[in-house]
Amino acid sequence: MPKKKTLIIGTGIAGIATAIRLKVKGYEVEIFEANSYPGGKLSEFEKDGFRFDAGPSLLTMPKYIDDLFKLAGKEPSDYFNYQKLDVVCNYFYEDGSHIKAYADEGKFVAEVSKITSEPEAAIKKHAENSRRIYNITNHVFLERSLHQLKTYLNWGAIKSIFRLPQIDAMRTMHKANTSFFKDERVVQFFDRYATYNGSNPYSAPATLNVIPHIEQHFGAYFPEGGMYSIVTSLVELAESLGVKFHYNSPVDEVILNRQKVKGIKVKGGLYEADIIVSNMDVLFTYHKLLKDHPKLHPQKILQQERSSSALIFYWGINKQFPQLGLHNIFFSADYKVEFDHIWQQKDIYYDPTVYLNISSKYQPTDAPVGCENWFVMINGPANTGQDWDQLIADARKNIIAKLSKNLGEDISQFIISESVLDPRGIERRTSSYQGSIYGTSSNSQFAAFLRHANKSSKIDGLYFCGGSVHPGGGIPLCLLSAKIVSDWV
């Protein structure tokens, strides 16, 4: 029996992982990428002697990456290595207080309680709630498709369904966190996890309180070679298995024979296929690659709210700051107003929460001697036609003022290299509709169930992976989407 020919559109982390999984199962696999490099949002660049990971900067659940090597019969450490962080992140508040989020759970609880006077029992209770939500949702709702009946026809799923009230979906994340804590700084600390999938803690369900357990219990890591080493190691694995990569090859169209995939059109040529997996934003897949088949477009996806986007400054800094670590957060003084600006006014608050990543803390070669590479990011709205040039200019001024105040000196004098990425660039480089990083938002109780399935219900042989479909955005969930697709195929 001939091997089924599979074509994958996009070399985001989910596309590469899907290629590996299907190749191991005996499928012929080719993967097409519009850019000259693999990785999608997970990319890198160098400028003026500084190296930057351009996109995701936090590694959690590296076991999902290791699993791909083991699946192929390889030793993961021959390709990919990482170290666990002792301090996950440094948090700076406008009142001058500072929390170190230690990886050790006991030290973390003691630190938060010491700085905020919040009882240790309250912090432990929140951690237990986070653990409970994870145990209920992970194996049923994250590792499997929500759109296949067999997902629900097993004892584990049935037990989880009976425990659904415990996942806290009927109140917002912020409301839940205020029920656990009195100190606004601790509430803000845990509200921030809504941004991990581009959502608003004042609207998103408290189910998202699962995220602290993933980061705190399973740990955060730094990969040797930086985040982009995830991509290079997986491409190396895929190529060793025989997956064929085509770069500078944007797909123009998905070709159908009635309502079954026939192949894709690239540079005027037709590549035939039995199976097509799109790692492109699902909305663009329909609007650009299937534009001649509007009756096959799912209308609900057009009506869903997009996730937030980001504004990123990549700064080469000719000074070192010992008080900073790999991951640093400088909180807004008024979190509610900041999120109102993003979600209601579709602009950027003058006092944004600033995330600062410095990979040279762990990989000194990422910056010249005596320097640091600063990845400076704030959350922003998806692109709906705002004046981004003005927003960028205002945000740059406000971010510099905020960081200078917190660090005690004018940082503008140390910026010797600068690059900028805004939602327009994110959309252009990664085919992410409106520059939204995580596809649709999770700002409703049922958002997880409204995400597009990993398989088309109307087109035979068309599948979807990546952050715009189930189970969501971020490296771990994108890798799980690859597993769901390969199992379904």
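Numerical summary
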| item | result |
| --- | --- |
| Residue within the stretch 235-247 that is under 20 Å from the mean Cα position of the chain (by Cα) and in the same structural domain as Tyr271 (by TED's automatic domain parsing) present | yes |
| Candidate set from the stretch 361-384 (those that are hydroxyl-bearing (Ser, Thr, Tyr) and touching a residue at least 60 places away in the same chain (Cβ under 8 Å)); member that is farthest from Ile416 (Cα to Cα) | Tyr362 |
| Which listed residue is part of a loop (DSSP other than H, G, I, E, B), among the basic types (Lys, Arg) and surrounded by fewer than 19 Cβ atoms within 10 Å (Cβ to Cβ), from Lys70, Lys100, Lys107, Lys74 | Lys74 |
| Gly472 in contact (Cβ under 8 Å) with a residue 40 or more places away in the chain and at positive phi | yes |
| Residue that is surrounded by the fewest Cβ atoms within 10 Å (Cβ to Cβ) [pool: residues in the stretch 10-43 that are of a type in the set (A, V, I, L, M, F, W, C) and in a loop (DSSP other than H, G, I, E, B)] | Ala34 |
| Subset of the stretch 154-180 that is within 15 Å of Tyr202 (Cα to Cα) and assigned to a loop (DSSP other than H, G, I, E, B) - its residue that is modelled with the lowest pLDDT | Asp168 |
| Only listed residue being more than 23 Å from Ile329 (Cβ to Cβ), touching a helix residue (DSSP H, G or I) at 6+ places or on another chain (Cβ under 7 Å) and not aromatic (Phe, Trp, Tyr), chosen from Lys74, Lys47 | Lys74 |
| Checking Thr365 against (1) over 29 Å from His174 (Cβ atoms); (2) crowded, with 23+ Cβ neighbours inside 10 Å, the condition it does not meet | (2) |
| So Ala273, is it closer than 21 Å to Leu480 by Cα and of a type in the set (Gly, Ala, Ser) | no |
| Tally of residues being free of Cβ contacts under 8 Å to residues at least 60 places away in the same chain, surrounded by fewer than 16 Cβ atoms within 10 Å (Cβ to Cβ) and not acidic (Asp, Glu) across the stretch 241-257 | 1 |
| Residue match in the stretch 456-476 (condition: assigned to a loop (DSSP other than H, G, I, E, B), within 30 Å of Asp168 (Cα to Cα) and of a type in the set (A, V, I, L, M)) | no |
| Lone unmet requirement of (1) at pLDDT 95 or above; (2) surrounded by fewer than 22 Cβ atoms within 10 Å (Cβ to Cβ); (3) aromatic (Phe, Trp, Tyr) for Tyr463 | (2) |
| Qualifying residue in the stretch 410-420 (condition: of a type in the set (S, T, N, Q), under 16 Å from Gly467 (Cα atoms) and in contact with a Gly (Cβ under 6 Å, 6 or more places away or on another chain)) | no |
| Cross-chain or 6+ apart pairs with Cβ under 8 Å, the stretch 340-353 first and part of a helix (DSSP H, G or I), then charged (D, E, K, R) | His341/Asp347 |
| Matching entry among Glu253, Glu236 (being in a helix (DSSP H, G or I) and either at pLDDT 95 or above or out of contact with any helix residue (DSSP H, G or I) (no Cβ under 8 Å at 6 or more places or on another chain) (or both)) | Glu236 |
| Candidate set: the stretch 50-67, residues that are under 15 Å from Ser360 (Cα atoms) and part of a loop (DSSP other than H, G, I, E, B); chosen: the one farthest from the chain's Cα centre (by Cα) | Ala54 |
| Asn383, sole failed condition from (1) part of a loop (DSSP other than H, G, I, E, B); (2) surrounded by fewer than 16 Cβ atoms within 10 Å (Cβ to Cβ) | (2) |
| Selection count, the stretch 1-44, where residues are hydroxyl-bearing (Ser, Thr, Tyr) and under 22 Å from Val469 (Cα atoms) | 4 |
| Sole exception among (1) closer than 30 Å to Val187 by Cβ; (2) crowded, with 19+ Cβ neighbours inside 10 Å for Phe218, by number | (2) |
| Residue in the stretch 394-402 that is among the polar types (S, T, N, Q) and part of a helix (DSSP H, G or I) present | yes |
| From the options Ile437, Ile378, residue that is buried (at least 19 other Cβ atoms within 10 Å of the Cβ) and touching a Leu at 6+ places or on another chain (Cβ under 6 Å) | Ile378 |
| Qualifying position, being under 28 Å from Ala333 (Cα atoms) and modelled with pLDDT under 95, among Ser468, Ser419, Ser442 | Ser442 |
| Near pairs, Cβ below 6 angstrom, 6+ apart or cross-chain, from the stretch 286-303 (without any contact (Cβ under 8 Å) to a residue 24 or more places away in the chain) to any residue that is part of a helix (DSSP H, G or I) and not basic (Lys, Arg) | His297/Tyr286 |
| Residue in the stretch 182-189 that is modelled with pLDDT of 90 or more and touching a strand residue (DSSP E or B) at 6+ places or on another chain (Cβ under 6 Å) present | no |
| Count - residues of the stretch 190-232 that are more than 18 Å from Ser43 (Cβ to Cβ), modelled with pLDDT of 95 or more and among the aromatic types (Phe, Trp, Tyr) | 4 |
| Which numbered condition Glu46 fails, given (1) in contact (Cβ under 8 Å) with a residue 12 or more places away in the chain; (2) surrounded by fewer than 21 Cβ atoms within 10 Å (Cβ to Cβ) | (1) |
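The values are calculated or read from the model by the stated rules, or taken from the named source; none is laboratory data. Every value quoted in this text rests on a predicted model; they were computed, and no experiment measured them. Here the Cβ is made from the backbone with ideal geometry for all residues, glycine too, and neighbour counts use every protein chain on show.
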